[in-house]
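Contents: one structure, followed by commentary.
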Amino acid sequence: MIKNPADHVIGSLREMNTAFPPLSDWDKSYGLWNTFYNWMVNTGQTLHDPPNVSGMPAYYQEPSFHEIWINSDSLPKRNQFTDIMINTGYSRGGFRVQFNCVAFAQTLNNPGNPNDLIDETLNILFRNDLSAQSKAQIKTQILLTGQLYDYYWTNAWVAYISSPTTANFNTVNTRLKPLFQYFFNLSEYQLA
């Protein structure tokens, strides 16, 4: 089934372990929650305001089944949401909510190995696996930025972990951001 807008927005925030302001900071918290609620509305689901007295259309009924969540308007907006969250995020009162790809990678078992990094990330984000050929192509073109050998990524990651300077962070982050952006924009990510 295709993820409904709430699953897409809230699910991506949870999958990426996105940090939010403390609950005691009402202004920042509610302002940011409202931003994400508006993304759900823009992609087709207004929580607590169903289209009729019967509630939201059932995902399992004919003729649309679960496909009611994807159309020519909602799919680009879904991709736009994850692109914004990766690149700039949203700020309110000096607090920025954004997908931190480097912090996410640090939670993985072996992020220094590009194959393990891709495999474990896909296990978290996707419900269906990609082919080995697709993974190899993604690794070479995006994570290794055209390099042929895995040690290119491993060396960059080890340099960042041993010395987390701004330069080392940028080297790792500029490879992880397009990788995650590509993953979020794949059609497989839309599946629940």
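Yes/no matrix, rows are residues, columns are (1) outside any helix (DSSP H, G or I); (2) within 19 Å of residue 17 (Cβ to Cβ); (3) touching a helix residue (DSSP H, G or I) at 6+ places or on another chain (Cβ under 9 Å):
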position	(1), (2), (3)
155	no, no, no
161	no, yes, yes
169	no, yes, yes
175	no, no, yes
178	no, no, yes
182	no, no, yes
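All conditions but one from (1) without any contact (Cβ under 8 Å) to a residue 40 or more places away in the chain; (2) among the aliphatic types (A, V, I, L, M); (3) crowded, with 16+ Cβ neighbours inside 10 Å apply to residue 167; the one that does not is (3). Among the conditions (1) in a loop (DSSP other than H, G, I, E, B); (2) free of Cβ contacts under 8 Å to residues at least 12 places away in the same chain, the only one that residue 76 does not satisfy is (1). Somewhere in the range 92-103, is a residue touching a strand residue (DSSP E or B) at 6+ places or on another chain (Cβ under 6 Å) and at negative phi? Yes, there is a match, as at least one residue in the range 92-103 is touching a strand residue (DSSP E or B) at 6+ places or on another chain (Cβ under 6 Å) and at negative phi.
Selection of first residues in the range 91-119 that are in a helix (DSSP H, G or I) and of second residues that are β-branched (Val, Ile, Thr), restricted to Cβ pairs under 6 Å at least 6 apart or on distinct chains, gives the following pairs, ordered by first then second residue: 102/172.
Note on the range 97-132: among residues that are farther than 21 Å from residue 190 by Cα and more than 16 Å from the chain's Cα centre (by Cα), the one that is surrounded by the fewest Cβ atoms within 10 Å (Cβ to Cβ) is 109. I'm told residue 67 meets every condition in (1) within 25 Å of residue 45 (Cα to Cα); (2) at pLDDT below 95; (3) outside any helix (DSSP H, G or I) except one. Can you identify the failing condition by its number? In the conditions (1) within 25 Å of residue 45 (Cα to Cα); (2) at pLDDT below 95; (3) outside any helix (DSSP H, G or I), residue 67 misses (3) alone. Applying a threshold of 7 Å to beta carbon distances and a minimum spacing of six or more residues, or different chains, the list of pairs starting in the range 1-30 at a residue that is under 13 Å from residue 96 (Cα atoms) and ending at one that is polar (S, T, N, Q) reads 20/29; 21/29. If you check 79, 71, 42, 87 for being touching a Lys or Arg at 6+ places or on another chain (Cβ under 8 Å) and within 23 Å of residue 191 (Cβ to Cβ), only one passes: 42. Within the option set 115, 123, being modelled with pLDDT of 95 or more and in contact with a Lys or Arg (Cβ under 9 Å, 6 or more places away or on another chain) holds for one residue only, 115. Across the range 79-90, the number of residues qualifying as among the aromatic types (Phe, Trp, Tyr) and either without any contact (Cβ under 8 Å) to a residue 24 or more places away in the chain or within 17 Å of residue 161 (Cα to Cα) (or both) comes to 0. Of the residues examined, residue 54 is not one that is hydroxyl-bearing (Ser, Thr, Tyr), surrounded by 16 or more Cβ atoms within 10 Å (Cβ to Cβ) and over 30 Å from residue 148 (Cα atoms).
Do we find that residue 184 is buried (at least 16 other Cβ atoms within 10 Å of the Cβ) and within 19 Å of residue 7 (Cα to Cα) in this structure? Spelling it out, residue 184 is indeed buried (at least 16 other Cβ atoms within 10 Å of the Cβ) and within 19 Å of residue 7 (Cα to Cα).
Within the range 1-45, the set of residues being more than 21 Å from the chain's Cα centre (by Cα) and not in a helix (DSSP H, G or I) comprises 22, 23, 24, 25. Among the residues of the range 73-91, those identified as in contact with a Pro (Cβ under 9 Å, 6 or more places away or on another chain) and either modelled with pLDDT under 95 or within 20 Å of residue 139 (Cα to Cα) (or both) are 74, 86.
The values are calculated or read from the model by the stated rules, or taken from the named source; none is laboratory data. Since the model is a prediction, treat every value here as computed from it, not as a measurement. Reconstructed Cβ throughout: ideal geometry from the backbone, glycine too, with neighbour counts over all protein chains shown.
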